[in-house]
Structure formats: structure tokens, C-alpha cells
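A.B. asks: Below: one structure in C-alpha cells.
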Amino acid sequence: MLFNSIPFVLSFIIFCLFYFNLKHKFQNISLFLYGLYFYSVWNWKMSILILFSIFVNYALAIKLDSIESLPRKHLLRTGIVFNLLILGIFKYTLFVFGIFEDLIKTFESDFRIWKPEILLPVGVSFYTFHNISYIVEVYKKNIPVCKSFLDFAIYDLFFPLLLAGPIERPGSLIPQIQNVRLIERKKIFDGITLFCFGIFLKASIADPLAKYVDFYLSGFSELPGGILWFVAPGFAFQVYADFFGYSLCAIGLSEIIGFRLMNNFKRPFFSTNPAEFWTRWHISLSSWLRDYVYIPLGGNRKGFLSQNLNIMIVWLLGGLWHGATYGYLVWGFYLGLCIVLYRMMKRWFNIPDIASRYSPIFSIVVSFLGSLFTFFSFSFGLLLFRVSGPEELVAIKNNLLGLIQFQSYYLYPLLFAVPIFCFDIWQEHLKADRPSFINYLTFWQIGILSAVLFLLFSVISPFEKQEFFYFQF
């Protein structure tokens, strides 16, 4: 079920009418049932898989908490392997078959291998990471084990973040499930405004840009010269509006029913370097990879070379987490390489410190150029999502290095960037830690803004129901 659909909105309103009038215990029962219904609408068979995953992780954590001896480490490994197996079987089996087929094709061009039909469960990448972090935190005794099966089931089936995150930490979400929640009018109104703005970003910015991007990226060989300099930023704005919009919807829905989720984006296009970018973009994923992959690998404790090697490993895994294709693997390598190259330049040339020694204007110019470079390096990296072979990489390179045959319609993406840039500039000016309207605007200002956004929505939205971009992961 999609947030940007009438059936969801109607079902959520009905859910809230009951939820607001129930005591805590029955609120939790309704959360579990609605979360299961929300997921089952997509494919009821896959709800069996997530329930099986919930039961196994719940039982493993209970057992892990009850013993103190060496088997604890074996149980931890069992829990991690179990969750990675679910992810591997459903997401990477076909990729492994494809690699094997491609290897044989180098010797026998007509070779074909049988491949099983495997349906990728929506949200599997998110709830497996959810469960791994829970098992690890229980093992480390950073959080108490959740002894209520119902409460733990809600942790995995919490519908606002079930399909595309954010990857909320158990130490934050589970206590909110266990404790009585305060339903306030202010939070309900704030949640509604965030949800509506999220839908606006999705329907009025991401979806029209998706049509523009898909039109040009359907084939790389016959593109007008230099157009990827404009399509790539359009792709970046599309993905940002889509995923940021989903995150705002998730935060808003949670606020309405008394929960508080982490902020998943913090004005990422204002980042001045690739390392900073990943502290502002998809914060829940980058922080998860830092805490559960990068630090266990050794982090920055074993010298500069080892630290950069760990970064490359983390982002190769991050690329594969996004998708099981060569394009995503190359994208992960590219992201890691951007961060490593920046760290090397910072270590050898110390550009930020050099800039600060001169006038403030020079420092601002350096920061602006850094933001511009970071934005375009990220934008060009997104093109790798659409790459299926080496010939397309060559076509991208030739288009970017070729003569630009400029046409006015190339600037189409810039029109859709205006609303989201205005919002980010406003939030950056306020130094806001998390997006909000009600904390910074009066009731009448919100009313005027809503009218303007509704007008834009009516004029430019394609009015075609499309899935959120990150549902594919």
C-alpha cells in the first residue's frame, strides 16, 4: 500500500479514529494488526516471511539474554547469518546466477543458465538491518531484551517505516512502543503538515522529474550531446524529493500517533565534501553502516591506509545493499572512492584550513565550489544506477566530455528544484535539527503556504500513482 494513495489515507483515518480512543495495550494490538494489513496488501505470502523473521529474531534475543557464557557469541553469529540469509536468498540469488552465467559466456557466448523466479519482498533490506541491529544491541547489553512478542513484532511491522525506512534503532523505537504515548493536537497538526509536504515532494517534484529522467536514460547511445550535465542533476533532485518525501511522510504519520522517528535527511546538497554528504543523506543507513560494519572492521584505529580500505569495503556493501546489479556495485565503489580521494586531499593539502587563513569571501567561495563539486559527483554517480554494461559507461563518458548542444528545455529540472531548495535554505537558516512547520510558522502562514503548494500540486502533478523510489531496495 502506498502513502500516496486514497486507500491508504482512508484506511489510516479509520485506524486513527479507533487508535486515539484506545488504551495503550489495545493501541499496540491495533498497531500490530494495521502493520500486518499494510504489508499484506502488497503480497500476503511475504507477510509470512516477515512474521517468521520476527519470531526467530525474538527467540534468539530471548535466548541471548538468558545466558552469559561463550555460546552468546555463537548465538549472535547465528542471528546475523540468519538475517543475512533472508536478504541473500531473496535479493542476491539471481545476481549470483547472473555472475556465473556471465563468466561462462566469456568462453561460450551462447551459454544460458536456468534461473529461479524469486520475488523480492518489499522492505526486506530495511527490516533485516533492523533485526541485525537489535540482536547486536542485545548482545552488547546496550538495550534490555524485549520480552513481549507483540512489542517486538510492532518494532518490525511499524507501518510508517516498514517499506523504506528510516532504519530506526531499537534503543529509540522499542521504548516508545512499550511506554504510554501522549497524543497531542500540536503533534497531530505537525504530523499532518509534514505528511502533506512529503506527498507534495513526491507527486509534484519527484514524479514529473522521473518522467524527464526516464525519457533520456532509457538508452545512452542516442542522447543529445552533453545533456547528461542536466539530466544527472535532475535525477539527483528526483531521488531526493522522492526519498525525502517518503521520510517526511513516515515522520509525519509517526507524529500523529505519538511516535518520534529520527531525521533521515539534513540538507544534503549543502554539503561541502563527499564525507559530509553522507552525514546528511540517508542518515539512518550511513550511521548504521558506520556502527555495525565500519567500526567492527577497525574503523580509524589501525592507520590511514586501513581506514580508507574499511571505507571502500563499507561502501561496496552499501552499493550492494541498494541493489543486486553491477551498476550498484560500481556505484558503491565510486562512492567509497570519492570519500577516500577527499580524505587524501584533505590530509595532504588541507584545503579547508588553507581557505580559512584568507578572507571570509575566499572561504565562502571555496565552500561553494566544494558544494558544487559534491553535488555533481553525487549526481553523476546516480547514473550508474542505470548502467547494465561497460558500453553504457563509455556512452556516459562520451556524452559528458562531448560538445553540449544546449536547448532551453534542458533547464526543465531547475524549475522543480526551486521548492525543495527554498525549503532547505529556510531550514538551514533556522539551523533546524529536524524538519517542521508548526515550530516556526504561525497558523495563518501555514495556511497560505498550504494554498500555494496545493496550487502547484494541481498544476504540475502528473496524477499517476507511482511507487516511491526506495521501495525497490
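The values are calculated or read from the model by the stated rules, or taken from the named source; none is laboratory data. Computed from a prediction, not measured in an experiment: that's the story for all the values here. Using ideal geometry, Cβ is built from the backbone for each residue, glycine included, and neighbour counts are taken over all protein chains shown. Surface areas here come from the heavy atoms of the whole protein model, side chains and all, with no ligands, DNA or RNA. Shrake-Rupley method; radii C 1.70, N 1.55, O 1.52, S 1.80 Å.
A.B. asks: Would you kindly calculate the translational diffusion coefficient of the range 297-347, applying Stokes-Einstein with the Kirkwood radius from alpha carbon pairs, for 10 °C and a viscosity of 1.306 mPa s, and quote it in µm² s⁻¹ without decimals?
C.D. replies: Estimated via Stokes-Einstein, D reaches 144 µm²/s.
A.B. asks: At a Förster radius of 56 Å, what calculated FRET efficiency corresponds to the Cβ-Cβ distance of Thr106 and Ser11, to the nearest 0.05?
C.D. replies: That pair, Thr106 with Ser11, gives E of 0.60.
A.B. asks: If you take the charge dipole of the chain about its Cα centre, with +1 on Lys and Arg Cβ and -1 on Asp and Glu Cβ, which of Phe333, Ile257, Val418 is farthest toward its positive end?
C.D. replies: After comparing all options, I get Ile257.
A.B. asks: Ignoring ligands, DNA and RNA, how do Arg386, Arg434, Arg185 rank by accessible area with a 1.4 Å probe, largest first?
C.D. replies: Most to least solvent-accessible, the answer reads Arg185, Arg386, Arg434.
A.B. asks: Expressed in nm to one decimal, what extension gain is obtained for the pair Leu150 and Asn21 from 0.36 nm per residue of sequence separation less their Cα-Cα distance?
C.D. replies: Values: separation 129, 0.36 × 129 = 46.44 nm, distance 1.97 nm.
Stretched fully, the Leu150-Asn21 segment lengthens by 44.5 nm.
A.B. asks: Quick one: Kirkwood hydrodynamic radius for the range 1-133, alpha-carbon pairs, angstrom, one decimal?
C.D. replies: 18.2
A.B. asks: For the chain, take the alpha-carbon Rg, divide it by the Kirkwood Rh, and send me Rg/Rh.
C.D. replies: Radius of gyration relative to Kirkwood radius: 0.96.
A.B. asks: Lysines within cross-link reach of Lys266: Cα-Cα under 24 Å, excluding same-chain residues under 8 positions apart?
C.D. replies: Lys186, Lys187, Lys202, Lys346, Lys431
A.B. asks: Semi-axes of the equivalent ellipsoid of the range 227-377: what are they in whole Å, largest first, if each equals the square root of 5 times a C-alpha gyration tensor eigenvalue?
C.D. replies: After diagonalising the Cα gyration tensor, the semi-axes are 26, 22, 17 Å.
A.B. asks: What FRET efficiency comes out for the pair Ile404/Arg347, r = Cβ-Cβ distance, R0 = 45 Å, nearest 0.05?
C.D. replies: 0.80
A.B. asks: Could you tell me how many cubic angstrom of Cα convex hull volume the range 83-239 has per residue?
C.D. replies: Residue-normalised Cα hull volume stands at 197 Å³.
A.B. asks: Right, next: What is the dipole size for the range 211-352, taken about its Cα centre, with +1 at each Lys and Arg Cβ and -1 at each Asp and Glu Cβ, in debye to the nearest 20?
C.D. replies: Charge dipole of the range 211-352: 620 debye, to the nearest 20.
A.B. asks: Right, next: Would you work out the charge dipole size for the chain about its Cα centre, treating the Cβ of every Lys and Arg as +1 and the Cβ of every Asp and Glu as -1, and quote it to the nearest 20 debye?
C.D. replies: 1400
A.B. asks: Just report the Cα centroid separation between the range 65-138 and the range 167-182, whole Å.
C.D. replies: Measuring centre to centre over Cα atoms gives 28 Å.
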